[in-house]
Amino acid sequence: MTAALRLCHLYPGQMNIYADRGNIAVLARRLEWRGMRLEVTEAGLGERIEPGAHDLYYLGGGQDRDQHVVAEDLVATKGEALREAVAGGAAALCVCGGFQLAGHGYTGTDGSRMPGIGILDLDTVAGPTRLIGNLVIEAELGGERRRVVGFENHAGRTRLGPGCRPLGRVVHGHGNNGEDGLEGGVAGRVVGTYLHGPLLPKNPWLADRLIAWALAHRLGEPPELASLDDALEEAAHAVAAARAARPAR
Ligand code: GLN
């Protein structure tokens, strides 16, 4: 393929606290290894986006303070275009604070409400404690099941509505709210999750699911993805999974 896969990185200046650029670097490398290219466009405060111009959107994590500013701007300048884009088959990865804003809204630790864009049917309210630690889930995407590992750190408790299914079930850690055993949210090609650390370097399977979806949007048909030597990635995955299984001290 000569044309590049087009990724739009939303609010890289505000929503970037968990090595979110690492996730994008993984997507770029996995495409390069297969003879393709990732073209990254950044869209910050006040910038509008064209619904058909990107195959994959990335919205990372942020602190409540930054999330306030981003939430208002996201709804005002990009919400409509993003809803149109994902309805047209574009993919999205929304992590932590980004996961919360992909839903209907987030009521933060100070009680104030931040609006979301509703590309995932879920809602989030901050609780009295932060849910922090290593997180392992049994994820299911595209008919395949895999363990996905990472780290979580959020005050928000997220509840899924009927229009959204979980990304997976919690094996170790808290997940969406520490109560219902669910983690993340998926609708169409939109994936939201509390997993970061960053997420994709240790979970190449998930990176390839997103790449496949985005390429399907780009090319109009599902691509054949050549398999890669993921020995290093699998080793990193195993270390993170073992660490999460150890009882907290
Ligand atoms: N500020 C949000 C919370 O505390 C999201 C945190 C994050 O993105 N890590 O729940």
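The values are calculated or read from the model by the stated rules, or taken from the named source; none is laboratory data. In this text, all values refer to a predicted model and were calculated from it rather than measured experimentally. All Cβ positions, even for glycine, are placed from backbone atoms using ideal geometry, and neighbour counts span all protein chains on display. Heads up: the accessible areas ignore ligands, DNA and RNA and are worked out on the full protein's heavy atoms, side chains in. Shrake-Rupley method; radii C 1.70, N 1.55, O 1.52, S 1.80 Å.
Scan the range 227-242 and give yes if some residue there is under 18 Å from the mean Cα position of the chain (by Cα) and hydrophobic (A, V, I, L, M, F, W, C), otherwise no.
Looking for residues that are under 18 Å from the mean Cα position of the chain (by Cα) and hydrophobic (A, V, I, L, M, F, W, C), one finds none in the range 227-242, hence no.
Restricting attention to the range 86-96, which residues are open to solvent by less than 10 Å² (accessible area, probe 1.4 Å) and small (Gly, Ala, Ser)? Those that are open to solvent by less than 10 Å² (accessible area, probe 1.4 Å) and small (Gly, Ala, Ser): 90, 91, 92.
The C-beta contact set for the range 17-31 (first residue within 16 Å of the ligand (Cβ to nearest atom), second residue hydrophobic (A, V, I, L, M, F, W, C) and assigned to a helix (DSSP H, G or I), distance under 9 angstrom, 6+ apart or interchain) comprises 22/200; 23/200; 23/207. Scanning the range 12-44 for residues that are outside any loop (DSSP other than H, G, I, E, B) and open to solvent by 50 Å² or more (accessible area, probe 1.4 Å) yields a count of 8.
Can you tell me which residues in the range 213-249 are in contact (Cβ under 8 Å) with a residue 40 or more places away in the chain, open to solvent by less than 50 Å² (accessible area, probe 1.4 Å) and either under 16 Å from residue 197 (Cβ atoms) or small (Gly, Ala, Ser) (or both)? Those that are in contact (Cβ under 8 Å) with a residue 40 or more places away in the chain, open to solvent by less than 50 Å² (accessible area, probe 1.4 Å) and either under 16 Å from residue 197 (Cβ atoms) or small (Gly, Ala, Ser) (or both): 214, 216, 237, 240, 241, 244. Condition check for residue 48 on (1) assigned to a loop (DSSP other than H, G, I, E, B); (2) in contact (Cβ under 8 Å) with a residue 40 or more places away in the chain: one failure, at (2).
Which of the residues spanning the range 97-126 are touching a residue at least 40 places away in the same chain (Cβ under 8 Å), within 13 Å of the ligand (Cβ to nearest atom) and open to solvent by 10 Å² or more (accessible area, probe 1.4 Å)? Selection gives 109, 110, 112, 116, 126.
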